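The values are calculated or read from the model by the stated rules, or taken from the named source; none is laboratory data. For clarity, every value in this text was computed on a predicted model and none was experimentally measured. Glycine also receives a Cβ, built like all others from the backbone with ideal geometry; neighbour counts cover every protein chain displayed. Remember, those area values only see protein heavy atoms, side chains included, never the ligands or the DNA or RNA. Shrake-Rupley method; radii C 1.70, N 1.55, O 1.52, S 1.80 Å.
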Amino acid sequence: MNRLVTTLNSHRFLLLLVLLLFLFIVPFVMKESWVSLVNEMLVMALAGCALNLMLGYTGMISFGPAGLYAVGAYTTAILLTRYRFPFAIAVISAPVLAGIIGGLIGWFCVRRSAVYFALLTLAFAQIIWTIIFEWYGFTGGDNGIVSIPIPEFFFTISHCYYLTLTVVGISLLLLWTIVQSPFGKTLQAIRENPGRTEFIAIHLRRYQLSAFVLSSAFLGIAGSLFCIFSGSVFPDYAHWVKSTDMLVICLLGGFYNFGGPIVGSAVYIFLSKIISKETMFWMFFLGVIIVFLVLFMRNGIVGFLSEKLAPALHGTSRPSSDEEAQ
Amino acid sequence: MILETQKLAKSFGGLTAVHDVNLHIQEGELVSIIGPNGAGKTTLFNLLTGHISVDSGRVIFKEKDITQLPPHAISRMGIGRSFQRLNIFPRLSAFENIQVAVFSQQRKSRNIFARASKLARHETEAILESVGLLDKKNVTGGLLAHGDQKRLEMGIALAVEPSLLLLDEPTQGMSPKESGELTQLIQKLVRERGLTLIFVEHDMNVVFGISDSIIVLHQGKILFEGKPDKVRKNEEVQRVYLGDERGTWSSLLRK
């Protein structure tokens, strides 16, 4: 077992390459329904990683990521449908607008911490949902917007899939760069001890707000991608249930790892498909999964694996959140 | 004069925690603040670093009024501090704990595209070495021994290159041996870096061992200030400390 782990670790790049290769050939070897499932995994992996920039890296628990995801989706949808914008601009506008709205929301939210912060994010997401749901003339209300005029090229499911794969790939690379940067380290310090960072001359709120805006922009990209793939948008995208999906994805994969939400997304989307096909009680199983995770695997799948495997790899153990000091 | 306060005051509800305190700290001085529990020592620190807002009075640092500034701005001007309760970044490694502070000092914290692990290594390791933690740089902060965590916290404070350092009970919870080592380290760092140091301390051996001058705080007011010898002989100070359960005071008086 240990040897296997060492091998896996030393061949990280090889693993990544294999994964990429696999993702690349998905449209050739899978049925369309499975391609769209993998597509959804990719989009939710990006959404999860975007949320995790706040959640796992900065320690800001947001209950409202879906609001900004929906802003991205509706931006692309409305610009294409109502204003006939060029496709590229409609897509690029999504993260920009999501970032701006994220900035406005974040400006209020970072004034509070912990539970109050979480509740504010939830409240703002519900406001976004309500606006989308009620504003029939602009957003289509509960009918959503269907038959969005995406370029014909993307009518082919594999073309659309490659668009998702490329954009998600680049976005994740950017997020990875961010969390490895001095800025990313500073965010982690804020997560660990926000009060202390102020005494090393860090303007705490400004950094929290920056994380909020960045996270929102990437959520916007995810929303836009899903809008393009499905060719339609619905108020559900902004609903708190969607936020819960994203939170569970982070929790399931483990939010102290960059790869956590990616693994989480794959497992979660797969499970939800399998279970909801067999039974109507998907939500029941979801509940069971959450209880299990919180009680027994607080650092998620990736965290669990690396905690068990880290001692084997490095000869030292990292503290789990249970035994963390002060 | 590096730090001056004019009639600094703070009360919580009806309780006056700090009452018209006038400090005059010269550059390069090593000043300790002593006083019974609840004398207002930590509150005074919190006022100086902007942690809590000032009711009245002024704080002047390097001839600039810093009374209303937020903590990050005060820290940027060159006042570093450590805390009574441990204040590190527990899940980051010792190296990262210091590195984050070095980034801030070098104004690199906003750099979003560089790879952190390749930056500021030299500076970070220099600080780790000066607080004696270089060999433990990869240990997760929260897993270090208590004394090492205190050192790490001091390293974080030093990394922002303060000219004035405030240490709140640096030797709290340490064994006499650890405490002695840390005291030596503090003295060394202050001398090497030309720091001005103000520290709150209960261990009278440390206080009388290294201070240039001592400020005795009692019920939020300065009761007495002066050289260690004078403080030792002062009757008023003796009276205040008579009930001291540690008995350290009386033992020192007998010396």
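Working note: Cα atoms of chain A, range along each principal axis, descending, whole Å: 59, 49, 38. Among the protein heavy atoms, those of residue A:87 account for about 40 Å² of accessible surface (1.4 Å probe, every chain in place). Summarising the overall dimensions of the protein assembly as shown from its C-alpha atoms, the Rg and Dmax are 28.2, 94 angstrom.
Chain B has equivalent-ellipsoid semi-axes of 31, 22, 15 Å, by the square roots of 5 times the alpha carbon gyration tensor eigenvalues, sorted largest first.
When A:13, A:133, A:296 are compared by accessible area at a 1.4 angstrom probe, the order from most to least is A:13, A:296, A:133. The residue among A:292, A:182, A:59 whose Cα reaches farthest toward the positive pole of the charge dipole of chain A, with charges on the beta-carbon of Lys, Arg, Asp and Glu, is A:182. Per residue of B:138-149, other chain Cβ atoms within 10 Å of the residue Cβ number 3 on average. Once C-alpha pairs closer than 8 Å and six or more residues apart are averaged by separation and normalised to the residue number of region A:35-240, the relative contact order reads 47 percent. Close amide H contacts of residue B:218 (hydrogens built in the peptide plane, cut-off under 5 Å, sequence separation of 5 or more or a different chain): B:223. Rolling a 1.4 Å probe across all protein chains gives residue A:159 an accessible area of roughly 60 Å². Taken over the Cα atoms of region A:182-236, the convex hull encloses 98 Å³ per residue. Between residue A:173 and residue A:135, the simple label model (points 7 Å from Cα in the Cβ direction) yields a spacing of 3.5 nm.
In the frame of its principal axes, region B:62-169 has Cα extents of 41, 37, 21 Å, reported largest first. Cross-link pairs exceeding 21 Å in C-alpha to C-alpha distance, out of B:41/B:221; B:118/B:188; B:64/B:188; A:185/B:64, comprise B:118/B:188; B:64/B:188; A:185/B:64. On a per residue basis, the convex hull of the C-alpha atoms belonging to region A:22-99 measures out at 124 Å³.
The 1.4 Å probe gives accessible areas that order B:27, B:169, B:125, B:225, largest first, as B:27, B:225, B:125, B:169. Per-residue accessible area (protein heavy atoms, 1.4 Å probe) orders A:245, A:236 as A:236, A:245, starting from the largest.
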